[in-house]
Every structure is written in structure tokens, then in C-alpha cells.
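In what follows, a single structure is set out as C-alpha cells and then discussed.
The values are calculated or read from the model by the stated rules, or taken from the named source; none is laboratory data. Please read these numbers as outputs of a predicted model, since none were measured by experiment. Cβ atoms come from the backbone with ideal geometry, glycine included; neighbour counts cover every protein chain shown. Quick note on the areas: whole protein, heavy atoms, side chains included, nothing else; ligands and nucleic acids left out. Shrake-Rupley method; radii C 1.70, N 1.55, O 1.52, S 1.80 Å.
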Amino acid sequence: MKFSKFTLGIHRITGTLIALCFFLWFATGLVLVYHSYPRLPEKTNNALKETLSDSLPDIRALTAMAGDTLHSLSVRQFLGQTLVRVSSADTTFTACADTLQDVKSFTFADAERIARQWVDAPIARVDTLHERVQWVMYERYERAMPIYKFTFADSDRHEFFISGKTGAAQQLTDREQRTWAWLGAIPHKLYFTGIRCNLSLWKTCITTGGILCLLAALSGWGIGIYMQVKNRRSTGVWRNPFKKTAYRWHHILGLIFGLFLIFWGISGSLAMQKVPKWLVPYDSEYTMYAPDVWGDDMLDLQSFKLDYSTLKAAYPALKEVEWTRIGEKPVYRIIADSTELFIDASSAEVRPLEVTEEAVMSRMHKLYGDNAKISVEKMESYDEYYLSSESRLALPVYKVIIDDKDGSRFYIGIHDDYVRFFNHNKMARKWMFSAMHYLHIKYLVERPALWHTCLWILCLGGACVSFTGFLLGIKYLRRKLFKGL
């Protein structure tokens with residue numbers, strides 16, 4: 001009895017508070033499956049960048065003033081000038097290839113010209129933004145301020161955002177995308193400006209909401225099982241212990257879908273959190289990215305045997321060139337037309353990058369020691385931790401497993417600098433968040449019709465449990481209020 005009253009109290013309090021939110025999360029989650037939050041289309045952004053001049057500058061002459069150690073080097077075309085950006089231990093600067101010219105300042109007229117390239121329509125309005133607003137809410141937009149927001153008078157009511165500082169395109173939305181975002185991504189992810197712009201507040205809201213959902217679901221499922229067993233002992237038959245319609249439906253739907261509500265509560269509470277270290281410990285790094293694996297400093301310019309200016313002949317629509325590395329191999333990262341490519345610069349011949357197993361093994365031993373037990377295999381199909389519902393992740397890749405107590409593993413691109421890292425903790429998070437939250441499970445992802453069917457059934461079932469719970473919560477509150485009167 002004490003268990004029943006205590007658990008029922010928790011369920012009534014948390015359920016009444018969270019039932020409507022839970023219902024909305026299921027409804028908006030279904031929308032989010034088909035309509036994501038608007039983001040700047042990368043292919044279009046690359047395609048609209050200026051093509052490099054046929055006459056490219058002598059890089060060594062321009063980098064001589066940067067000091068002995070280069071950290072980064074890139075070339076691009078902007079406002080009709082070939083610009084070289086150089087970073088070293090001593091200085092960072094952007095220079096025009098024609099040293100007789102100063103680098104042109106970016107003006108509003110330039111922003112307007114670029115905006116018209118993105119959207120061929122009359123401009124209805126321009127706003128100058130000095131703080132983050134809806135559609136440009138992430139912290140990275142602070143570095144782009146001020147941002148010009150162009151609103152176009154076309155049927156789709158496009159809105160284009162461009163940095164007034166750098167001239168870089170930031171965001172593009174249309175009326176349909178914004179409508180679906182308000183019906184899906186914004187309420188589901190709490191992408192409201194007042195919340196999302198405060199990262200700490202946003203994470204706290206997401207985590208708190210997930211915990212309340214977990215408490216409501218866990219206590220409700222426990223009550224359902226307890227009441228069912230209690231009724232079976234008193235009557236000798238298995239039947240619904242409730243007579244009122246709302247209670248009967250909430251009980252039976254809760255028993256059927258309660259376990260999945262618990263899973264969603266767990267995954268929601270972990271959406272912005274790591275799996276607690278006391279639960280799944282790890283000793284080494286939690287995150288590792290391409291620079292951690294391949295090196296973050298530039299190789300000596302002498303190691304780049306391929307003259308970057310010859311790339312122009314191979315790729316006439318060359319937009320950008322960046323000097324980078326894959327271990328000890330010099331590499332150019334380029335944008336040609338609308339595509340990002342990686343070019344092997346270790347010989348005079350223009351050829352796409354191909355990362356070898358030997359290069360991977362060499363870097364792994366450098367990270368984990370010469371005596372580390374390491375296996376490398378070329379993976380031709382997805383597995384549970386390298387998985388994409390829309391084939392967005394490239395195949396094949398190298399799967400690298402380190403025989404250490406953290407269960408370290410990497411997925412490494414063969415034709416680019418892609419690196420994805422897992423340890424036992426991150427693998428646990430995959431199951432406790434991705435698998436639970438949106439059924440990111442290999443068997444289902446490889447069968448899209450089944451995956452969509454499962455999502456619809458579970459979301460609709462969860463929504464019905466939440467809706468009936470909301471109605472019961474309102475009745476409970478009314479009884480309490482009238483009793484007080």
C-alpha cells in the first residue's frame with residue numbers, strides 16, 4: 001500500500017506536469033523525422049563561391065613574412081581578389097595575391113549582390129542583426145555579427161542571412177521550412193530563441209524534461225503492473241482493474257507502451273549529457289577528431305611536391321585550396337565547383353587522396369604506443385556505430401579497434417580526413433540515446449519501411465498514453481481545487 005501511494009503520488013505530480021509536453025514531443029518528433037531544422041545548403045554555398053583566378057600567386061613569397069612555422073594556409077577568391085590566409089605562431093593575416101592592392105573591405109553593396117545570387121527575387125526588407133535570433137541561434141553566429149537578414153518578396157518568402165563582417169553566407173530559409181520547423185524541430189528540441197541562445201539553460205531544460213518524463217513513465221508503468229497483479233490476486237483473472245473509460249485506456253495503453261516511454265525518458269535525459277562515468281568508466285580521451293589523429297600543424301611547404309597552381313588545370317571550377325595533412329602525407333583540401341575533395345600532394349601528379357592501412361596503423365601506434373594491439377579492416381557496409389539512415393556516411397571506411405580497457409575504436413575515411421571515435425562510454429550512449437530515442441538500430445535502419453512503421457506506431461501509442469494522462473491529470477487537479485474551495 002505504501003508503495004502504491006508513494007508511486008501514485010510521483011506519477012500524478014510528474015505526469016500532470018509533463019503529460020502535455022510528452023504528447024507534443026511525440027507529435028513534433030514525427031514531423032522532425034521528415035523535416036529537419038533549416039540549415040544552409042552546403043552544395044549551394046560551395047557552388048556560389050567565386051572561382052579562383054587562372055593566375056595564382058607564388059605561395060612561398062606570400063608566406064615568407066609569416067615566420068618559420070606555419071599553422072595553416074589557404075587560398076580563395078573573394079570580391080574579385082585572390083586572398084591568401086596565413087596563420088603561424090607569430091601572426092595571422094589575410095593578404096591579396098597582388099601585393100600592390102589592399103584587401104577590399106566587405107560592404108553592404110557586396111552583401112546585397114551575394115544575396116541576389118542566392119535568391120532571384122526582389123528584396124522586400126533588410127535588417128541588421130547584432131544578436132542571435134531565430135534561424136541564427138548557435139554560438140558560432142556571434143563571430144559573424146553583424147548579420148544582414150534579407151527578406152525577399154517571392155512566393156516562398158525566402159530569408160537569407162549573411163555576415164556583415166566576413167561576407168560568408170550563414171543561413172537560408174523559406175516559408176515552408178520555417179512552418180515545418182515551428183511544427184517540429186523548434187518545439188521538439190526547445191529551439192526557442194530565449195532558451196537556445198543560452199546553452200547552459202537549454203541543456204538544463206532538455207535534461208530536466210527528460211528526467212520528469214522518465215519519472216512519470218517509470219512510476220506509471222510500475223503502478224500499472226502493480227494494479228494488474230493486485231487485481232489478479234483478488235479476482236483470480238487477468239482483466240483491466242479500472243471501470244472508467246479514461247482510466248481503462250490509460251492503463252492498457254500504459255502497459256503496452258510504458259516500456260518505450262521509459263526508454264524515451266532515459267534517452268531524453270541523456271540528449272545533452274554523457275553517460276555517467278561511474279556507470280561506464282573511461283580513462284583516456286572522450287572525444288578525438290581529425291587533427292588529434294592526423295596532426296594539427298602544417299607540414300613543411302617543401303613536402304608539398306604538387307604545385308597547387310596545377311590544380312586549376314585539373315579542376316577549372318576551383319574555388320578554394322587549403323594546405324593540410326593526413327599524418328606525414330601532405331594534402332590539399334579543395335572546393336571544386338560544389339564539392340569538397342582531398343588531393344594527394346606528395347607527388348607532382350594530381351590524384352585524389354587515398355589513405356592506406358599502413359598510414360592508419362602508423363598513426364594509431366603513435367597515439368597508443370608501439371606495443372598496442374591494433375586491428376584495421378576496410379569496412380564495406382554499415383555497422384551499429386557507423387550508421388546512416390539516408391546513406392550520408394561514406395563507404396568504405398577503415399574500422400580500427402584498439403585492444404585497451406576503454407574499448408577505443410575509430411572509423412576513418414579513405415578519401416578524406418573523416419574521423420569518428422568511440423569508447424565504451426560513447427558506445428553505451430549510442431544505445432541509451434540514439435537507439436532508444438529514434439530507433440537508430442542497424443536492423444531497422446537498413447529496412448526503412450519497417451523503421452518508419454515502428455516510429456509511427458510507437459509515437460502514436462506514446463501520444464495516446466500522454467493525452468489520456470493529461471486528461472486524468474486535469475481531472476485530478478480539478479478535484480483538488482474544488483476540494484480546497
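Results, tabulated for the structure shown:
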{"item": "FRET efficiency for Val103 and His71, using Cβ-Cβ distance with R0 set to 30 Å, rounded to 0.05", "result": "0.90"}
{"item": "Surface accessible to a 1.4 Å probe, per residue, for the residues of the range 88-214, Å²", "result": "52"}
{"item": "Gain on full stretching of the segment that runs from Glu285 to Arg125 - 0.36 nm per residue minus C-alpha separation", "result": "52.8 nm"}
{"item": "C-alpha long axis of helix 448-484 to longest principal axis of the chain, angle in °", "result": "50"}
{"item": "Inter-label distance for Leu259 and Lys243, nm, one decimal - labels placed 7 Å from Cα along Cα-to-Cβ", "result": "3.2"}
{"item": "Farthest toward positive dipole pole in the chain [+1 Lys/Arg, -1 Asp/Glu at C-beta], among Ala428, Gly265, Tyr382", "result": "Gly265"}
{"item": "Spread of Cα-to-Cα distances over 10 Å intervals beginning at zero, given as percent, for the range 302-452", "result": "10, 31, 29, 21, 8, 0"}
{"item": "Under the Karplus curve 6.51 cos²θ - 1.76 cosθ + 1.60, θ = phi - 60°, whole-Hz ³J(HN,Hα) for the range 291-305, x wherever Gly or Pro sits", "result": "x, 5, 8, 9, x, 10, 9, 6, 6, 4, 4, 5, 7, 7, 6"}
{"item": "Accessible area in the full protein assembly, largest first, 1.4 Å probe, for Trp238, Trp202, Trp182", "result": "Trp238, Trp182, Trp202"}
{"item": "Pair Thr235, Lys203: separation of 7 Å Cα→Cβ label points (nm)", "result": "4.9"}
{"item": "Estimated FRET transfer efficiency (Leu79, Asp296; beta-carbon r; R0 25 Å; 0.05)", "result": "0.25"}
{"item": "Over the range 260-370: Kirkwood hydrodynamic radius from C-alpha pairwise inverse distances, Å", "result": "17.1"}
{"item": "Dipole in debye (nearest 20) - the range 63-201, about Cα centre, beta carbon charges: Lys, Arg +1; Asp, Glu -1", "result": "340"}
{"item": "With every protein chain in place, the chain: carbon and sulfur % of accessible area (1.4 Å)", "result": "57"}
{"item": "Lys, Arg +1 and Asp, Glu -1 on Cβ, resulting dipole of the range 366-425 about Cα centre, debye, nearest 20", "result": "80"}
{"item": "Phi-based couplings in Hz for the range 108-113 (Karplus 6.51, -1.76, 1.60; Gly and Pro marked x)", "result": "5, 4, 5, 4, 5, 4"}
{"item": "Prolate/oblate/rounded call for the range 247-319, Cα gyration tensor, a/c under 1.5 rounded", "result": "oblate"}
{"item": "Cα-centre dipole for the chain with unit charges at Cβ (Lys and Arg positive, Asp and Glu negative), debye to 20", "result": "4600"}
{"item": "Set of lysines near Lys373 by C-alpha distance (under 30 Å), chain-local residues within fewer than 8 positions excluded", "result": "Lys274, Lys277, Lys329, Lys399, Lys405, Lys426, Lys430, Lys442"}
{"item": "Per-selection metrics, the range 104-204 (Cα): Rg and Dmax in Å", "result": "14.2, 44"}
{"item": "Structure-based [θ]222 nm, the chain - -39500 (n - 2.57) summed over DSSP H runs of at least 4, per residue, nearest 500", "result": "-13500 deg cm²/dmol"}
{"item": "Relative intensity, log₁₀ I(q)/I(0), of the chain from a Debye sum that treats every alpha carbon as a point, q = 0.07 Å⁻¹", "result": "-0.53"}
{"item": "Straight-distance crosslink candidates among lysines, where the alpha carbon sits under 19 Å from Lys230 and sequence neighbours closer than 8 are dropped", "result": "Lys2, Lys5, Lys243, Lys244"}
{"item": "Degrees, to the nearest 10: 357-368 long Cα axis against longest axis of the chain", "result": "70"}
